[in-house]
Amino acid sequence: MGGLVSRGHGRDARPRRERPPWYVRPVIDPTDAAERAALEALWAPTEPSPLAIDAAGIRFHALAWGAPAAAPLVLMHGVTSSARGWWRVGPALAAAGYRVVAPDLPGHGLTGSWRGHAVLRDNAADLAAFARAAFEAAPGDVRIVGHSWGALTAAWFPTVGYRPRRLVLVDPPTIPLEIIIRLLESPDDRHYDDVSTAVDAVGRQCPTWSYGDVTAKAESLTQFDEPAVVAILTGNGDWDGGLEALADPAARDVPTRLIRGDPAAGGYIPDAAVPAFEARLGAENVTTITGAPHSPHRTHPIETTTALLRALAG
């Protein structure tokens, strides 16, 4: 497995001496049997088991991979996506020894119950209830991974009373409201009425994505609740990458890791914001996947899986 590189990987064109010190690309050669099994699983992902889980007055649709008795892990997606976006990473983490459960967040995928909880802390309370319903284990034995909006939500888990064993945030956006509002005008994430039209559109917009990622995203674009997405994007002010939540005393001593995309390739955490994360989490707990965009699991599944396994360890 040595030397594996994801398709669509774009190297940082800047001379090495001009890169900030946190631009250290994760090593992608597997260091143990679990990593090796995970990377092998990326090439032949297993199908998930669908679940219906009732929590916080919501019937959540979720996808699950791995043995029920394995180490519990929750994966949470971003705005306009769905659990299917984890179609490769989910089974890869399961192959490494985790029981992975990925919900469709409220107003997304096949979870149709949008209760108006657009505020991140309120959404976190709903998802913490989901985690409790999904796993009998105590929060201190459960690992939580969130991407984008899912990461911003996950950052609030300790404040709403759910202190996980590990908290991993994947490119939680650090962008002002004025930029967020512009995203509402982007044709890339608009709602579609049929999957085939969405597949054609996503395929044109994202030519380096695998077909599995294109179809997963296209399907989610036919499912999300449009008023819910508007409320989520406009109802939380400037997005701070979760720093306010992580500064809450309840988050103290919760092991937290940040995996970010490369802002030069479309990552949503600018270089200027990294020192604040390093001060909060420790420089050794901040990883940048060089050349990866905002959704690194789609374009850099090898590097993302490796980074996640190392962030989740312990």
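When the residues of region 147-163 are filtered to those that are part of a helix (DSSP H, G or I) and open to solvent by 10 Å² or more (accessible area, probe 1.4 Å), which remaining residue is farthest from Arg252 (Cα to Cα)?
So, considering only residues that are part of a helix (DSSP H, G or I) and open to solvent by 10 Å² or more (accessible area, probe 1.4 Å), the one farthest from Arg252 (Cα to Cα) is Val160.
Mind listing just one residue for me: the one in region 54-98 that is β-branched (Val, Ile, Thr) and within 16 Å of Asn123 (Cβ to Cβ) and, of those, modelled with the highest pLDDT?
Val74
Using beta carbons and a limit of 7 Å, which pairs, at least six apart or on different chains, have the first residue in region 297-311 and among the hydroxyl-bearing types (Ser, Thr, Tyr) and the second one part of a helix (DSSP H, G or I) and surrounded by fewer than 23 Cβ atoms within 10 Å (Cβ to Cβ)?
What qualifies is Thr305/Leu39; Thr305/Leu42; Thr306/Glu35.
If a residue must be farther than 19 Å from Ala154 by Cα, open to solvent by 10 Å² or more (accessible area, probe 1.4 Å) and not β-branched (Val, Ile, Thr), how many such residues does region 215-272 contain?
14
Does Arg298 meet the test of being open to solvent by 10 Å² or more (accessible area, probe 1.4 Å), touching a Cys at 6+ places or on another chain (Cβ under 9 Å) and assigned to a helix (DSSP H, G or I)?
yes
Search region 125-136 for residues that are closer than 12 Å to Pro106 by Cα and pair each with any residue that is open to solvent by 10 Å² or more (accessible area, probe 1.4 Å) and of a type in the set (Asp, Glu) when their beta-carbon atoms are under 7 Å apart and the residues are at least 6 apart or on different chains.
none
Among the residues of region 148-189 satisfying the criterion of being under 15 Å from the mean Cα position of the chain (by Cα) and among the aliphatic types (A, V, I, L, M), which is farthest from Tyr268 (Cα to Cα)?
Leu167
Out of the residues in region 127-146 meeting the condition of being outside any loop (DSSP other than H, G, I, E, B) and open to solvent by 10 Å² or more (accessible area, probe 1.4 Å), tell me which one is nearest to Ala313 (Cα to Cα).
Taking the candidates together, the pick is Arg143.
This table checks each residue for (1) touching a helix residue (DSSP H, G or I) at 6+ places or on another chain (Cβ under 6 Å); (2) more than 24 Å from Ala216 (Cα to Cα).
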| site | (1), (2) |
| --- | --- |
| Gly66 | yes, no |
| Val74 | yes, no |
| Gly85 | yes, no |
| Leu93 | no, no |
| Val100 | yes, no |
| Leu105 | no, no |
| His108 | no, no |
| Ala118 | yes, no |
| Ala125 | yes, yes |
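Within region 179-286, considering only helices (runs of 4 or more DSSP H) that don't extend past its boundaries, which have at least 1 residues that are free of Cβ contacts under 8 Å to residues at least 12 places away in the same chain and of a type in the set (Lys, Arg)?
Fully inside region 179-286 and qualifying: 195-205.
For the condition among the hydroxyl-bearing types (Ser, Thr, Tyr), within 30 Å of Glu226 (Cβ to Cβ) and not in a strand (DSSP E or B), what is the one hit in Thr80, Thr46?
Thr80
Can you tell which of Thr197, Thr222, Thr208 is touching a Lys or Arg at 6+ places or on another chain (Cβ under 8 Å) and more than 21 Å from Gly146 (Cβ to Cβ)?
One residue alone meets the criteria, Thr208.
Being within 22 Å of Val168 (Cα to Cα), touching an Asp or Glu at 6+ places or on another chain (Cβ under 9 Å) and of a type in the set (Gly, Ala, Ser): is that true of Ala71 here?
Yes: the conditions hold for Ala71.
Taking region 181-200 as the region of interest, how many residues are open to solvent by less than 50 Å² (accessible area, probe 1.4 Å) and in contact with an Asp or Glu (Cβ under 8 Å, 6 or more places away or on another chain)?
2
The values are calculated or read from the model by the stated rules, or taken from the named source; none is laboratory data. No experiment lies behind these values; they were computed from the predicted model shown. Using ideal geometry, Cβ is built from the backbone for each residue, glycine included, and neighbour counts are taken over all protein chains shown. Just so you know, the surface numbers come from the protein's heavy atoms only, side chains and all, with ligands and any DNA or RNA stripped out. Shrake-Rupley method; radii C 1.70, N 1.55, O 1.52, S 1.80 Å.
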